[in-house]
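Scroll down for the structure; my scribbles are underneath it.
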Amino acid sequence: MKLTAPQTPGRRVEAVVLGASAGGIEALFTLLNGLPALWSLPVVIVLHVPENHESHLAEIFSDRLHLPVHEAADKMPLASGHVYFAPPGYHLSIERDRRFSLSCEPPVHFSRPSIDVLMASAADAYGPALAGMLLTGANEDGAEGLRRIQQAGGITAVQDPNEAQISVMPQAAIALHSPDHVLPLRELRALLLQLESTHAH
Amino acid sequence: MEAIYLKYSYDFRNYTVASQKRRVLHALAQLGLPSISALQEKVLRDPALFGRLLQYLTIPVSEMFRDPAYFLALRQHVVPILHTYPSVKVWVAGCSTGEEVFSLAILLREEGLLSRTQIYATDINPASLEKARQGIFPIEAVRGYTANYQRAGGRSSFSDYYTAAYEAARFDPSLCADVIFADHSLATDSVFAETQLVSCRNVLIYFNRELQDRALGLFHESLCHRGFLGLGSKESIDFSSYSQRFDAHSKPERIYRKAT
């Protein structure tokens, strides 16, 4: 278990993708609450939510965070320091021009949006300049996505399964690849702040 | 994609990369091919294989009365204006396997408009168009559509519109008596009629911005003065160069009106 981010010279993280499922809202609050208002990285989140329901995640988090929070829209460009949630019922991808695209392809691991879909596309778009984090959850979505981030040279971090409300999702990721970091939320948050400090303002 | 365009005139060159990549990888697995170059070689030699690949490259995922609020808004806010025309033309662009076409036909019949409405249902995928023409959907799916229909303000019993047999539901063919199903590509073809309503839902999300602009240009050109454009519930024209050329009519339901 490593506590510090790799400090490869010239390595700069330009975006963070987060995946969470059961227990995820609480975990995300702990991870993101009180991030500095000058926070400069885009943060893109897939949290599993039921399809066919309007999601209020953007409003809920907008009230709690001191950052602009949106539901990601098709072809919307990622802006520095903004937080985005995938809309329910659609897969969310990041294109190489660093804009979002949505799709109605079938669910992956019974989930639409799928964490794997977001993470794999973000790995293609950002390569080594990406960090991915996977939190609590009860299925295996996100494991393959994190592996793709690692293969593309990005940084991967997984919530310590012992701390996670539901450990299945972090466990699945650890079983599939060796994450750069396996940490409790408090330390994932420290890692997030550290990643940002490598990112030019 | 360049090769497919040159050989078969199907233009996927301006589709978004992320989902296209997933579909090509899925096709490789399903067709039992080891690599994209192997796929390319085989597809260019074998038109039948291209036909199979086309099923993977397009996304035939739809449902009837998907996003009931959209159909309710059409019923409440658009239908009264369509009633002011002596005859109505509706274009369902990217109609896939026909779920949206049948939903609209049912709605228009209930609102007393179907008999004077011409619907054009277009798609690039001939297999999807054929399914749409047949109007036969899995009975399991139809049970789910019933709830959508009711939430969309349905005035009847949904089962009045189909006959169930075995595992399928066959929709009343008279619903589609005035529907023209036709092969049409938003990437390469041009406008073919003046319409009062274009419904194109969850199609533009697969296009990059250049192709979105092309498609929106076709819709703009096709629509009559103050004609209506309906998109998918998470689609918008905000990031296109047509954002000023349509007014939001029912914003949450993504119904726009051609601006003057």
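The values are calculated or read from the model by the stated rules, or taken from the named source; none is laboratory data. This structure is a prediction, so every number in the text was calculated from the model and none was measured. Reconstructed Cβ throughout: ideal geometry from the backbone, glycine too, with neighbour counts over all protein chains shown. With ligands, DNA and RNA removed, areas are computed over all heavy atoms of the protein, side chains included. Shrake-Rupley method; radii C 1.70, N 1.55, O 1.52, S 1.80 Å.
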Q: Bin all alpha-carbon pair distances of segment A:15-195 at 5 Å intervals from 0 and give each bin's fraction as a whole percent.
A: 2, 9, 20, 24, 24, 16, 5, 0
(Q) Tell me the per residue accessible area of the protein assembly as shown using a 1.4 Å probe; a whole number in Å² is fine. (A) 41
Q. Which value at 222 nm does the protein assembly as shown reach when only helices count, each DSSP H run of 4 or more adding -39,500 (n - 2.57), with the total divided by all residues and rounded to the nearest 500 deg cm²/dmol?
A. -10500 deg cm²/dmol
**Q.** Where labels lie 7 Å past Cα in the beta-carbon direction, separation of B:Thr163 and B:Cys224 in nm
**A.** 3.6
Q.
Need one value for B:182-188: mean number of C-beta atoms belonging to other chains within 10 Å of its residues' C-beta atoms.
A. 0
Q: Work out which residues of segment B:216-234 lose at minimum 40 square angstrom of accessible surface when the other protein chains are put back, relative to the chain isolated, with a 1.4 angstrom probe, and list them by number.
A: B:Lys234
Q.
Amide H of B:Ala152 versus every other amide H placed in the peptide plane: which residues, excluding those fewer than 5 positions away on the same chain, fall under 5 Å?
A. none
Q) Who wins for biggest fluctuation among B:Ser185, B:Ser128, B:Ser157 in a Gaussian network model of chain B, springs between alpha carbons below 10 Å? A) B:Ser157
(Q) How much of the DSSP bridge set in the protein assembly as shown is antiparallel, in percent, rounded to the nearest 5? (A) 35
Q: Rounding to the nearest 20 debye, state how big the charge dipole of chain B is about its Cα centre with +1 on each Lys and Arg Cβ and -1 on each Asp and Glu Cβ.
A: 340
Q. For segment A:46-74, which residues drop by 50 square angstrom or more in accessible area between the chain on its own and all protein chains together (1.4 Å probe)?
A. A:Asp74
Q) Between A:Glu71 and residues 5 or more places away or on another chain, which pairs have amide H atoms under 5 Å apart, with H built 1.01 Å from N, and which residues are they? A) A:Phe85
Q) Just A:Ser111, A:Ser93, A:Ser62 to compare: in a GNM of chain A, with alpha carbon springs under 10 Å, which one fluctuates most? A) A:Ser62
Q) When the accessible area of the protein assembly as shown is computed with all protein chains present and a 1.4 Å probe, what percentage of it is carbon and sulfur? A) 52
Q) What is the magnitude of the charge dipole of segment A:15-195 about its Cα centre, with +1 placed on the Cβ of each Lys and Arg, -1 on the Cβ of each Asp and Glu, and no other charges, expressed in debye to the nearest 20? A) 400
Q. Once both labels are modelled 7 Å past Cα along the beta-carbon direction, what's the A:Asn33-A:Ile60 spacing in nm?
A. 1.3
**Q.** Peptide-level mean, for A:82-92, of C-beta atoms on other protein chains within 10 Å
**A.** 2
Q: Please report how far the C-alpha centroid of segment A:40-108 lies from that of segment B:109-125, rounded to the nearest whole angstrom.
A: 35
Q) What list of ³J(HN,Hα) couplings, whole Hz, do you get for segment A:78-90 from phi and the Karplus terms 6.51, -1.76, 1.60, once you set θ to phi - 60° and write x for glycine and proline? A) 6, 10, 4, x, 9, 10, 10, 10, 5, x, x, x, 10
Q: Mind telling me which of B:Thr188, B:Thr97, B:Thr122 comes out most flexible in a GNM of chain B, alpha-carbon contacts under 10 Å?
A: B:Thr188
Q. For segment B:139-177 and segment B:5-62, what is the separation of their Cα centres, given in Å?
A. 33
Q: Would you mind classifying chain B by shape? Square roots of the alpha carbon gyration tensor eigenvalues, ordered a ≥ b ≥ c; an a/c under 1.5 is rounded, otherwise it is prolate if a/b is larger than b/c and oblate if not.
A: oblate
Q: Can you check what the net charge comes to around A:Gln159, using other residues whose Cβ is under 13 Å from the Cβ of A:Gln159 (Lys, Arg +1; Asp, Glu -1)?
A: -2
Q. Hey, can you list the residues from segment A:124-156 whose accessible area shrinks by 30 Å² or more with all protein chains present, relative to the chain by itself (probe 1.4 Å, no ligands or nucleic acids)?
A. none
**Q.** Amide hydrogen neighbours beyond the local backbone of B:Phe65, cut-off 5 Å, H modeled
**A.** B:Ser103
Q) Rounded to the nearest 100 Å², what is the sum over both chains of accessible area buried where A meets B, with a probe of 1.4 Å? A) 2000
